[in-house]
Amino acid sequence: MGETTRLRSRAEAEIEAHFEAMIAGAPRAEQAWRSAAFDTFRREGLPSRRNEQWHYTDLRRLLDAPSPAQAAAASAAPFGAEIEATLIEVTAAGDAIAPRKLPKGVAVSTLRDAWMTGDELNRIVAYAGAENDSVVALNTAFAEHGVVIDIAANCRLDRPIHLRFGAQGGAAQYARVILRVGAGAEATLISSHVEREGSHPCNTLVEIRAGKNAKVEHVRVGLSGAASRALSTLAVSLHEGTELTSFNLMIGGALNRHQIFARFDGEGGRLTLSGATLLRDAQHADTTLVVDHAAPNCVSRERFKHIVDGQATGVYQGKIIVRPGAQKTDGGMKSDAILLGPEARMHNKPELEIFADDVVCGHGATCGALDDDQLFYLRARGLPKAEAETLLLEAFAGEAIETVSHEGLREALARAVSDWLGRRSS
């Protein structure tokens, strides 16, 4: 009875019809693995408050609701246009477009040209918590657009690879990117999402498979229109001695959900996850992550900042799992939020699941208003209230941005935050 009710919801019925139309002309082998992924969605349905990892983001209710009013979005240049990078366009209109000349040691193929098998795309289910995630299942079932990027062992890229995602005309986009980084290689990956107004959510998944002693820096930027809905997943596998940092900036959007599944598959790895979320009006943004320490002697750090204004809602859920045998684990997690009005809301839920005895792990969360003493100090020195607030909020978000090592990216991220704060105070 419950399953039938779920599949009769408006959003799920539309997804079902879309899938049946897409699968009809596919080869038999492709139909089999796409259907297997879609069966997970049929079984689980769209997540609701009953799903622990979606308790604060009732996706079934949010997608069944009428599309939000499409307020005019501020026009802006694409993020990172001034940064020298290898640009790859990923849109719902067709296959990804990569430059003809690629850096030495880098190979790029479209998802369709590489044609990933069901086994390859379903590797994501091995990550803790992803096997029953409807958003991941839908991405696997529908993924047609995207790229596979291979970076050779010991290759050190001197400029970032920039994946620019985009959807137009209200079309749904299911994009998948797989980045395979060889042993000892070093690379920076930017994924920027400019979500326009549309009735369908975009669902993107970036998977990073980093080899032994590889170093990877990943920066994700979501600049969303007022009525857009965006769902994104980052999946990370770290092997022996791998170092990976990932920063996520979310600005705007009626609905934004960014989820991270990260697993240590070898000793001596180091993972840093951070982000800043800026919300106003009635916007809703959710960052949910699982860090799976499945190997000993690994270090993980998570630090996220939220600025919530108006009637907006911010969500942070973070879980660190320490498996039996993952001794000498060092894990630390922190979420901080500033609420700028009486109707702004923030839900913090940090968690630890520890099954080893020789570990150092901790978590914390704070939620409050701007410091009155700091505001008084700045205003006493002649700064108007709006300018004083902006200065404090820039410093607050800047603590997370400082985890990004690429100087040009740090400056671009800081400008995006300043632009948002400038619009708020105007």
Check: Any chance segment 372-380 includes a residue that's touching a Gly at 6+ places or on another chain (Cβ under 8 Å) and either among the small types (Gly, Ala, Ser) or touching a residue at least 60 places away in the same chain (Cβ under 8 Å) (or both)?
Finding: no
Next item on the list: Take segment 265-282 and flag every residue that is at pLDDT 95 or above and either closer than 21 Å to residue 226 by Cα or hydrophobic (A, V, I, L, M, F, W, C) (or both).
Entry: 271, 273, 275, 276, 277, 278, 279
Checklist line | Checklist (1) under 14 Å from the mean Cα position of the chain (by Cα); (2) over 28 Å from residue 423 (Cβ atoms); (3) surrounded by fewer than 24 Cβ atoms within 10 Å (Cβ to Cβ) applied to residue 262, failing item | finding: (3)
Next item on the list: Starting from segment 147-171, keep only residues that are within 21 Å of residue 408 (Cα to Cα), then list their pairs with residues that are among the polar types (S, T, N, Q) and modelled with pLDDT of 85 or more whose Cβ atoms are within a distance under 6 Å, requiring at least 6 positions of separation or different chains.
Entry: 160/188; 161/86; 163/191; 164/192; 165/204
Check: residue 184 versus (1) more than 26 Å from residue 156 (Cα to Cα); (2) in a loop (DSSP other than H, G, I, E, B); (3) at pLDDT 90 or above: which is the lone unmet condition?
Finding: (1)
Notebook entry, point to check: Within segment 235-249, can one find any residue that is under 25 Å from residue 327 (Cβ atoms), touching a strand residue (DSSP E or B) at 6+ places or on another chain (Cβ under 7 Å) and of a type in the set (D, E, K, R)?
Noted result: yes
Item checked: Hits in segment 227-243 - residues which are of a type in the set (Ser, Thr, Tyr) and either farther than 21 Å from residue 288 by Cα or out of contact with any helix residue (DSSP H, G or I) (no Cβ under 8 Å at 6 or more places or on another chain) (or both) -> 228, 232, 237, 242
Margin query: residue 315 - would you say it is touching a Phe, Trp or Tyr at 6+ places or on another chain (Cβ under 7 Å), under 30 Å from residue 371 (Cα atoms) and either surrounded by 20 or more Cβ atoms within 10 Å (Cβ to Cβ) or aliphatic (A, V, I, L, M) (or both)?
Written below: yes
Checklist line | Test: residue in segment 351-369 that is over 30 Å from residue 269 (Cβ atoms) and either surrounded by 15 or more Cβ atoms within 10 Å (Cβ to Cβ) or hydrophobic (A, V, I, L, M, F, W, C) (or both) | finding: yes
Margin query: Looking only at segment 1-56, filter to residues that are outside any helix (DSSP H, G or I) and farther than 27 Å from residue 349 by Cβ; which one of those is modelled with the highest pLDDT?
Written below: 24
Next item on the list: Mind listing just one residue for me: the one in segment 313-355 that is assigned to a strand (DSSP E or B) and in contact with a helix residue (DSSP H, G or I) (Cβ under 9 Å, 6 or more places away or on another chain) and, of those, nearest to residue 300 (Cα to Cα)?
Entry: 319
Notebook entry, point to check: Would you say residue 303 is crowded, with 17+ Cβ neighbours inside 10 Å and basic (Lys, Arg)?
Noted result: yes
Margin query: Need the failing condition index for residue 327 against (1) surrounded by fewer than 18 Cβ atoms within 10 Å (Cβ to Cβ); (2) at pLDDT 95 or above; (3) within 21 Å of residue 277 (Cβ to Cβ), just the number.
Written below: (3)
Checklist line | Failed item, numbered, when residue 364 is tested on (1) at pLDDT 95 or above; (2) under 30 Å from residue 353 (Cβ atoms); (3) small (Gly, Ala, Ser) | finding: (1)
Notebook entry, point to check: Condition test on residue 281, is it more than 15 Å from the chain's Cα centre (by Cα) and on the phi > 0 side of the Ramachandran plot?
Noted result: yes
Check: In segment 204-221, which residue that is charged (D, E, K, R) and within 15 Å of residue 190 (Cα to Cα) is surrounded by the most Cβ atoms within 10 Å (Cβ to Cβ)?
Finding: 220
Check: In the set 224, 232, which member is of a type in the set (Gly, Ala, Ser), surrounded by 24 or more Cβ atoms within 10 Å (Cβ to Cβ), in contact (Cβ under 8 Å) with a residue 12 or more places away in the chain and out of contact with any Ser or Thr (no Cβ under 8 Å at 6 or more places or on another chain)?
Finding: 224
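The values are calculated or read from the model by the stated rules, or taken from the named source; none is laboratory data. Since this is a predicted model, take the numbers as computed values, not measurements. Using ideal geometry, Cβ is built from the backbone for each residue, glycine included, and neighbour counts are taken over all protein chains shown.
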